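Please read the structure below before turning to the comments.
Laboratory data are not the source of any read-out in this text; all were calculated from the coordinates shown. These numbers were taken from a predicted model, which means no experiment stands behind them. All Cβ positions, glycine included, derive from the backbone under ideal geometry; neighbour counts span all protein chains shown.
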Amino acid sequence: MTIIIALVALGSLTLLLALMLILANKKLYVYEDPRIDIVEDLLPHANCGACGFPGCRPFAEALVSGRALPGKCTVSTDAGRQKIADYLGVALGAEEKIVARLACAGGINVALNRARYQGVKTCQAASLVSGGGKGCFWGCLGFGDCEVACDFDAITMNPFSLPVVDVDKCTACGDCVEACPKELFSLQPISNRLWVACKNLDAGDEVLEDCQVGCTACGKCAMDAPGGLISMINNLPVVDYSKNHNTQAPIQRCPTGAIVWLDDEEGVVKGRESKKIIRKGERGMGFS
Amino acid sequence: MQSTTLTGPLLTFRHGIHPEEYKELSSHRPIERMPFVEEYILPLSQHIGAPARPVVREGQRVRRGELIAEPAGFVSVGLHAPVDGTVTAIGLFGHPNGQMSPAIRIKADRFSSQRLTLAPPIPPEQISAADFIAAVQRAGLVGLGGAAFPAHVKFSIPEGRHIRCLMVNGCECEPFLTCDHRLMLEYADELMDGVGILQHFIRAEKIYIGIEANKPDAIAVLREKAGGGALPIEVVPLQVKYPQGAEKMMITAILGEEVPGGKLPLDVGVLVSNVGTTVALSQYFRQGLPLIERVLTVTGPAVRRPANVLVPLGAPMRAVTDFCGGISDEAARILLGGPMMGVVQKSLDVPVVKGISGILALTDAEVRDFSTYNCIRCGRCLEACPLFLNPARLGLLARKGLWEEMEAYNVLDCFECGSCSFVCPSGIPLVQSFRVGKAMIREQKARERQG
């Protein structure tokens, strides 16, 4: 008998609660576009924020509501973006690919160390101790904070302790820009091929003492550049990318190779007159 | 107050460490004035806060003690020319903190007598508290103990707050450094006068001068000067322990009270002023000498002639070490400041700035091997931390880059004394990683404030 009472009591309670849940589901239902889920599934789930939205889900919501176009997602492949565009029936909104570029070429084979840094092996820590051991105040410290920060394996440290960006993998999320204590990374449209790979504000032979590929502020690139494309500001050439910058003329007479041409096939192209660096080992220590 | 004799148990705080002192290298050397050199570089940012704004042009002639950069905001101080000379450049120059920072370069006038020609400001007894604060700011005064926090900000007591206790910090707990010790011996009158000026505005009930017991001569001199005066001064010998000279530790030692985490000494009604700052205060109001020079201890086994030197600000470090006979070839590491909190330098081509209390050249014998082993959970760092933080835990969090969690473990209270790294048997760079963590948290907060 007891068991029957228990069954009936619990059973009716279950039914009652189920009824309430059904009613609540009907009454409090929030309509959400089912396309959001589908679009989110088509996105790469990297949640990197490169599109300008907090993550893939908010971006999917923006796509469905028409506030953004699929081209904004830099992580997805061309086919993936096209798929979203086809599904939603919107334009692809193709944008030019943006990549992270490093404004330093001072690997350990060309840059002099003034002191050997010992301690926490990160760039952040090294930069707090007298700016790191390098002779150049502005140069890359080479401990690879950017490599660690990159979620896409787009940055690897080369044998000279200098980060190399894999342009295909880079999504321009900006993590490396934030990670670098020397602020050497910046996000650039991939068509900006004329590139100044130096941030040293000194001028003349002082620069060469610390780094053989530093900019000595000789100004030849600015002279050779057509129509005010390059101006010398604070001892560094500054390229005005709003002008036609599709020319290799400015790099040709650079004595150190501080201004380079970033080519898709050939990689980093230096000018004819720039010194060839053949040293494979460390340049070593120097005391002044 | 618990006890004040030299013989009884000395006052101190809990935890802390006992590093070897090495003070005998320079503690008996009287302060020498360094001859003027050719060129001075004065970074606009020698203090915590906004960099000063230059008021001179390139090519302009300046007199010794003349204002060359004015404060740019409340938390900022003025900067004065350390020599008669000509401004040759305003641009980027190396700073001891390792950055390139804007600075004024002055070429000294070779034929000038370098006599101070400025009249002293109005005696402090005749001016209001607001004028006093403004004058201190103009004088470029900062805490000379090492943090270089603008002195006038510290001296500005908010409305309705009362300072019951004024403390003068003569602990000098860092090994090797002896500049405050020499100041107390040789500038005792100026020190007492500075205390008097401060007391005139603060009106504290009690004044303590805290000195570590390893400086009995300074204790004796100051006791003699303080006795019979009108001020309620007490000279308190403190136990020799690092970091006794940290202001929070000194308050704990003398009053037996703690300054709560995230709060200032002001919140417990205490004002702590370093010996050097107090002397500089008197020199400005009585002689008209703004902060254009300071005493440095140049010492270490690799310095040929350890000394305490009165150096004009902006002089190149190399000139200072050359004055002390130069640095021998055995030098393995050069630090600005003491061995515990000092910053390692890669080059001597940086100028002397307000916050630097010494130049230290160590040989291989004093520099520890940098191999790092795993944490063995011995807990020595917990017993060393004067703030009762958990360095072992914080070190782990720092290694993983968990900055927010570090904040939850109160890393922002850490004043980077380095006791944890000193005692760690595994050689883990604890305080070094906390510095990174603090910098990252501050950066994060600045970013949040910008939105």
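Report the calculated FRET efficiency for B:Glu234 and B:Asp267 (r = Cβ-Cβ distance, R0 = 22 Å), to the nearest 0.05.
Working from the Cβ atoms, E equals 0.45.
What's the magnitude of the charge dipole for the protein assembly as shown around its Cα centre, counting Lys and Arg as +1 and Asp and Glu as -1 at the beta-carbon? Answer in Debye, nearest 20. Around 420 debye, computed over the protein assembly as shown. Note on chain A: GNM, Cα springs under 10 Å; of A:Gly139, A:Gly66, A:Gly219, the largest mean-square fluctuation is that of A:Gly66. Can you list the residues of region B:195-238 with backbone N under 19 Å from a point 7 Å past the Cα of B:Ala130, pointing along Cα to Cβ? Counting only backbone N, you get B:201-202. Charge tally around B:Leu255: other residues with Cβ under 15 Å, Lys/Arg +1 each, Asp/Glu -1 each, net -1. Do the alpha carbons of any pairs in A:Lys134/B:Lys346; B:Lys263/B:Lys445; B:Lys400/B:Lys438; B:Lys241/B:Lys346 sit beyond 20 Å of each other, and which pairs? Result: B:Lys241/B:Lys346 exceed 20 Å. Calculate the spin-label point distance for A:Asp168 paired with A:Asp205, positioning each point 7 Å from the Cα along the beta-carbon direction, and give it in nanometres. Result: 4.6 nm between the two label points. Rounded to the nearest 0.05, what FRET efficiency do B:Asp217 and B:Arg286 have when you use their Cβ-Cβ distance and R0 = 22 Å? About 0.35, to the nearest 0.05. For a label point 7 angstrom out from the Cα of B:Thr88 toward its Cβ, which stretches of region B:48-75 have the backbone nitrogen within less than 12 Å? Residues B:59 qualify, since their backbone N sits under 12 Å from the label point. Under 20 Å from a point placed 7 Å out from the Cα of B:Glu159 along the Cα-to-Cβ direction: which residues of region B:108-130 have their backbone N that close? Output list for this probe position: B:128-130. Between B:Ala332 and B:Val55, residue separation times 0.36 nm minus the direct Cα-Cα distance comes to 95.7 nm. Averaging 1/r over every pair of different alpha carbons in the protein assembly as shown and inverting the result gives a Kirkwood radius of 29.5 Å.
Only the Cβ atoms of Lys and Arg (+1) and of Asp and Glu (-1) were treated as charged; on that basis the dipole of region B:157-287 about its Cα centre amounts to roughly 200 debye. Amide H to amide H, with H built 1.01 Å from N, A:Lys134 comes under 5 Å of A:Arg114, counting only residues 5 or more places away or on other chains. Considering only B:Ile31, B:Leu79, B:Ile127, the residue lying farthest towards the positive end of the dipole of region B:15-161 is B:Leu79, judged by Cα position with unit charges set on Cβ.
Dividing the mean sequence gap of close Cα pairs (under 8 Å, 6+ apart) by how many residues chain B holds gives a relative contact order of 19 percent. Toward the positive end of the charge dipole of chain B, about the Cα centre and with charges on Cβ (Lys, Arg +1; Asp, Glu -1), which of B:Leu396, B:Ala361, B:Gly288 goes farthest? Farthest towards the positive pole: B:Leu396. Compared with the alpha-carbon gap, the fully stretched path from A:Val90 to A:Glu266 is longer by 59.7 nm at 0.36 nm per residue. For chain A, modelled as a GNM whose springs connect Cα atoms under 10 angstrom apart, the maximal fluctuation among A:Val239, A:Val99, A:Val75 occurs at A:Val239.
Placing unit charges on each Cβ (+1 for Lys and Arg, -1 for Asp and Glu) gives chain B a dipole about its Cα centre, and among B:Gly256, B:Val298, B:Ser347 the Cα reaching farthest toward its positive end belongs to B:Ser347.
Hey, with R₀ at 60 Å, roughly what FRET efficiency would A:Ile278 and A:Arg57 work out to, going by the Cβ-Cβ distance, to 0.05?
0.70
Note on A:Ile38 and B:Ala72: their simple-model spin labels are 5.7 nm apart, each label 7 Å out from Cα toward Cβ.
Can you tell me the dipole magnitude for region B:380-450 around its Cα centre, using point charges on the Cβ only (Lys, Arg +1; Asp, Glu -1), in Debye to the nearest 20?
Using Cβ point charges on Lys, Arg, Asp and Glu, region B:380-450 gives about 180 debye.
Within the straight-line cut-off of under 15 Å between alpha carbons, the aspartates and glutamates reachable from A:Lys243 are A:Asp224, sequence neighbours fewer than 8 places apart in one chain being disregarded.
With a simple spin-label model that places each label point 7 Å from the Cα along the Cα-to-Cβ direction, the separation between A:Leu19 and B:His200 comes to 8.8 nm.
Return the average number of partner chain Cβ atoms within 10 angstrom of each residue Cβ along peptide A:19-32.
Mean shielding by partner chains, rounded to a whole number: 0.
Are there any helices in chain A, counted as whole DSSP H runs, that stretch 20 Å or more along their axis by Cα and score at least -0.5 on average by Kyte-Doolittle, and if so which? Sorted by number, the helices that extend far enough and score high enough are A:2-27.
Among A:Ala60, A:Ala18, A:Ala172, the largest mean-square fluctuation in a Gaussian network model of chain A (Cα springs under 10 Å) belongs to A:Ala18.
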